[in-house]
Amino acid sequence: MPYRPGSAVSKAFHHLVELCSRKPMAERVDMSGRKVIVTGATPGSIGYQVARTLAAWGADVAVTCPRNGKAARETLLRELRDAGHRSNCIEALRLDLADARSVTDFAAWYREVSDGRLDVLINNAGILRDVLWRWREQRLSADGFEIHWRTNYLGTFHLTRLLLPMLLESGRRSGDARVINVSSHQHDKGSNDRLFAPPDRLDSWTAYGQSKLALIHHAFELHRRYAADGNLRSAALHPGSAYSNMTFGWQDEPRWLRRTKRLVTPLAPLILLTPEQAAQTTIHCATDLHLEGGHYHERCAKAEPIRDARDEAASRRLWEESDRWFRSLGQR
Ligand SMILES: NC(=O)c1ccc[n+]([C@@H]2O[C@H](COP(=O)([O-])OP(=O)(O)OC[C@H]3O[C@@H](n4cnc5c(N)ncnc54)[C@H](OP(=O)(O)O)[C@@H]3O)[C@@H](O)[C@H]2O)c1
């Protein structure tokens, strides 16, 4: 059922209908020889399930985790390799999207270990801080941006921009390169006005929605710029409401909530999708041979984002402003 933006009540109803109806699964595609990056693949996350499936379908998958230590990365790699037909996962590397240096280092590392080849970039990593709406002030990144904007959108723009030459090369060679942005139905909390004139006060959910709207603009603009000439298809998606580290790993939670959570966590599968179920639309967009780029997807099918997302002038302006920021980092 295509998503219709609306109130919290209609979203909850929509989610319930989803829970009770058949959960679509992506159809298996042979991904042998395809090189894929999945950002944000910590165990327990949706990205982890995406990476596992793509490795099992034969892709060479590189995954990223921002904070995990070496031991956790090695466990993740071992599991991914077990999921694959062969030891086809390149490696897991640290990537902090909110840190320009980390993004640059990651891109340089990837270029080297992959011989400059990248077929599919899955921009999955993201944050939603302060699920409980308790922050009174915006939280800023080290370089002064609102933290959701910096991590979910600007960091993703930066990474994609650095990897773009490899994707275009792959598009020319294989005829099929892709950028898949994991957005959210919460993008309907965003608006184009706020993209260019962010207010001083912004609660975390609105900030999250704003960054997710920007990710849809980013996917659509990429598609407009590079689909025809570069064979680079781009799409955005909502994975569904799932229980993951994001849903259950709330920061600074009060003790009563931690206790309640412990009690309700076993019930999570009754009210939310599993990370594996939530991974399906991402996998579908990354692999479906007939995927029509330049669209928003839900439940492994095209869906309609809010009207602001279809404003081409806003997408173009956002791209140009983000690109100016990118160049101000001394990069091209
Ligand atoms: N779960 C849902 O219901 C839902 C609904 C709609 C959309 N989404 C979107 O789906 C995507 C995956 O979410 P999830 O539910 O799987 O959440 P998750 O379990 O919290 O996974 C998010 C991933 O992003 C990584 N990450 C966090 N901060 C980062 C940074 N600064 N730089 C690079 N990576 C960073 C996390 O690493 P750490 O674990 O080390 O923090 C983790 O690997 C996100 O984009 C989210 O917005 C989720």
Look at Arg22 and say whether it is free of Cβ contacts under 8 Å to residues at least 12 places away in the same chain and either in contact with a Gly (Cβ under 6 Å, 6 or more places away or on another chain) or of a type in the set (Lys, Arg) (or both). yes
Write out, first by first residue and then by second, each pair whose Cβ atoms fall under 9 Å of each other, whose residues are 6+ apart or on separate chains, and whose first residue, in the stretch 245-259, is under 25 Å from Pro66 (Cα atoms) and assigned to a helix (DSSP H, G or I) while the second is of a type in the set (Ser, Thr, Tyr) and modelled with pLDDT of 75 or more. Asn245/Thr42; Asn245/Ser45; Met246/Ser45; Thr247/Ser241; Phe248/Thr265
Residue, farthest from Leu195 (Cα to Cα), within the stretch 120-162, restricted to residues that are of a type in the set (Val, Ile, Thr) and part of a helix (DSSP H, G or I): Thr160
Looking at the stretch 97-104, can you tell me whether even one residue there is assigned to a helix (DSSP H, G or I), surrounded by fewer than 20 Cβ atoms within 10 Å (Cβ to Cβ) and not polar (S, T, N, Q)? yes
Return the pair list, or none, for Cβ contacts closer than 9 Å from residues in the stretch 117-136 that are β-branched (Val, Ile, Thr) to residues that are part of a strand (DSSP E or B) and more than 16 Å from the ligand (Cβ to nearest atom), at least 6 apart or on different chains. Val120/Lys35; Val120/Ala177; Val120/Arg178; Ile122/Arg178
Enumerate the pairs (first residue in the stretch 180-207 and over 17 Å from Arg310 (Cβ atoms); second residue anywhere and within 11 Å of the ligand (Cβ to nearest atom) and of a type in the set (A, V, I, L, M, F, W, C)) with beta-carbon separation below 6 Å, excluding pairs fewer than 6 apart on the same chain, so at least 6 apart or on different chains. Ile180/Ile122
Within the stretch 165-215, tally of residues that are hydrophobic (A, V, I, L, M, F, W, C) and either within 16 Å of the ligand (Cβ to nearest atom) or surrounded by fewer than 19 Cβ atoms within 10 Å (Cβ to Cβ) (or both): 11
Residue count for the stretch 132-160, restricted to those that are of a type in the set (Val, Ile, Thr) and either surrounded by fewer than 17 Cβ atoms within 10 Å (Cβ to Cβ) or away from the ligand (no atom under 11 Å from the Cβ) (or both): 1
Give the stretch 231-279 a look and list any residue that's at pLDDT 95 or above and either among the hydrophobic types (A, V, I, L, M, F, W, C) or in contact with a Pro (Cβ under 6 Å, 6 or more places away or on another chain) (or both), or say none. Leu232, Ala235, Ala236, Leu237, Ala278, Ala279
State whether the residues of the stretch 261-281 include one that is more than 14 Å from the ligand (Cβ to nearest atom), touching a residue at least 24 places away in the same chain (Cβ under 8 Å) and not in a helix (DSSP H, G or I). no
Taking the stretch 29-52 and the residues there that are near the ligand (Cβ under 8 Å from one of its atoms) and part of a loop (DSSP other than H, G, I, E, B), the one that is nearest to Gly171 (Cα to Cα) would be Thr39
Go through (1) of a type in the set (S, T, N, Q); (2) more than 16 Å from the ligand (Cβ to nearest atom); (3) in contact with a His (Cβ under 7 Å, 6 or more places away or on another chain) one by one and return the number of the condition Ser114 breaks. (3)
Can you tell me which condition Arg255 does not meet? The list is (1) surrounded by 15 or more Cβ atoms within 10 Å (Cβ to Cβ); (2) farther than 27 Å from Ser170 by Cβ; (3) not small (Gly, Ala, Ser), and all the others hold. (1)
Identify, by number, the condition in (1) within 16 Å of the ligand (Cβ to nearest atom); (2) more than 15 Å from Leu121 (Cβ to Cβ); (3) assigned to a helix (DSSP H, G or I) that Asp229 doesn't meet. (1)
For the stretch 53-67, check the following and say yes or no: at least one residue is of a type outside the set (Asp, Glu), closer than 16 Å to Leu118 by Cβ, in contact with a strand residue (DSSP E or B) (Cβ under 8 Å, 6 or more places away or on another chain) and within 7 Å of the ligand (Cβ to nearest atom). yes
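The values are calculated or read from the model by the stated rules, or taken from the named source; none is laboratory data. Small disclaimer: the values here were computed from a predicted structure and weren't measured. All Cβ positions, glycine included, derive from the backbone under ideal geometry; neighbour counts span all protein chains shown.
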